Every structure is written in C-alpha cells, then in structure tokens.
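The values are calculated or read from the model by the stated rules, or taken from the named source; none is laboratory data. For clarity, every value in this text was computed on a predicted model and none was experimentally measured. Methodologically, a virtual Cβ is constructed for each residue, glycine included, from the backbone with ideal geometry; neighbour enumeration extends over all protein chains shown. Just so you know, the surface numbers come from the protein's heavy atoms only, side chains and all, with ligands and any DNA or RNA stripped out. Shrake-Rupley method; radii C 1.70, N 1.55, O 1.52, S 1.80 Å.
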Amino acid sequence: MNDLVDFKIAAKFEKAIAAGRKKAGKKVGGAFTKKRRGSLGKAQKRRKKGVINRVARDGTLILYDMAPMAHAKEFGSTIKPVNAPQLYVQVSKLAPGELPVRRGDYLLAVSKGKEPRLLGVYKSEVTKKQAAPSDRFYEQVEKFADDYEKALDEFIDGKDILL
C-alpha cells in the first residue's frame, strides 16, 4: 500500500516538473527569440523570422535558427553556384566597403539618365565572413540557459508539488 502512495507522489511530482519546464520554456523561449531577432539588427525580415523556439511535450526548450544560409553567416563559408555558372549578388546586399566588382565579373545595370545604375554582379563564388563570437547563435543561447533554470525553479517553488 505504501509503495502505491509513493508511486502516485512520484508521478504527480514528474507531471508538475514537466508542466514547470513547459511554462519556463515558453517564457524564456519567447524572451530569447525576441532578443535574438533584435540582435540581428538590420537583417531582412525573412532572416529574423527564421529564429524560432519550440517547447517539447516534456518541457524541453528547443531554439532554432532556421533562416536561409544561417550556418554560412554564423561560421563563415564560401558559396558556389550549383545549377548555374554564376551567382547573382545584389549590390544592396553587399557589406559596406566591400568592392562589388572584380576583374572578370559580369555586371547587371540599368540606364538612368546619363549614368548607369548598378543593380548587381554575377560572381563565380561568394565568401561570407565568420560572425563575431559574441554574435553567434550558440553564445546567445548559453546566456539564456540560466534564465530557463531560474524560471523553472520559480515555478516549482511557487507550487506545492507533493500535496
């Protein structure tokens, strides 16, 4: 009989812990997502929408950076065309101070009055520089791990789980 009571208490405790993890995950996950999107600065809307969070059934907080080319922007990479001989790069997407044209590149321009306006450049490859360590997704996730644990502890302390 005593084992049955212990089993019920343990099951109730596990259920309360899972509920606490879910609540803490939603609270901290939302705060993290908002801060991460803000830290991306003037990034495109599509890039910012790629930062998402999910809370699993067991309350585990899962944070994603699913934006296109997120890995290349995070760790640096050389991007080469797959189904075409050249990559098209819009001039407005280039970093400030980056030279848009090298010898041998093809240009796409339109005539606007007497002077042409450069729209883009066709390149054989594009190299993305590695993000600063403080700006990396994983570094920012680490900062929120403690917040998640604190929110979980607050939930558990605020409930009388064993009764």
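Remarks
- Answer residue from segment 107-136, given it is within 18 Å of S39 (Cα to Cα) and free of Cβ contacts under 8 Å to residues at least 12 places away in the same chain and is least open to solvent (accessible area, probe 1.4 Å) among those: A132
- Selection within segment 27-66 - without any contact (Cβ under 8 Å) to a residue 60 or more places away in the chain, open to solvent by 40 Å² or more (accessible area, probe 1.4 Å) and assigned to a helix (DSSP H, G or I): K34, R37, G38, K45, R46, K48, K49
- None of E142, E115 is under 21 Å from G76 (Cα atoms) and out of contact with any Phe, Trp or Tyr (no Cβ under 8 Å at 6 or more places or on another chain) except E142.
- Selection of segment 16-26 for residues being under 16 Å from V141 (Cβ atoms) and either surrounded by fewer than 16 Cβ atoms within 10 Å (Cβ to Cβ) or aliphatic (A, V, I, L, M) (or both) yields only A24.
- Being open to solvent by 80 Å² or more (accessible area, probe 1.4 Å) and either at pLDDT 75 or above or of a type outside the set (D, E) (or both) holds for only one residue in L87, L99, and it is L99.
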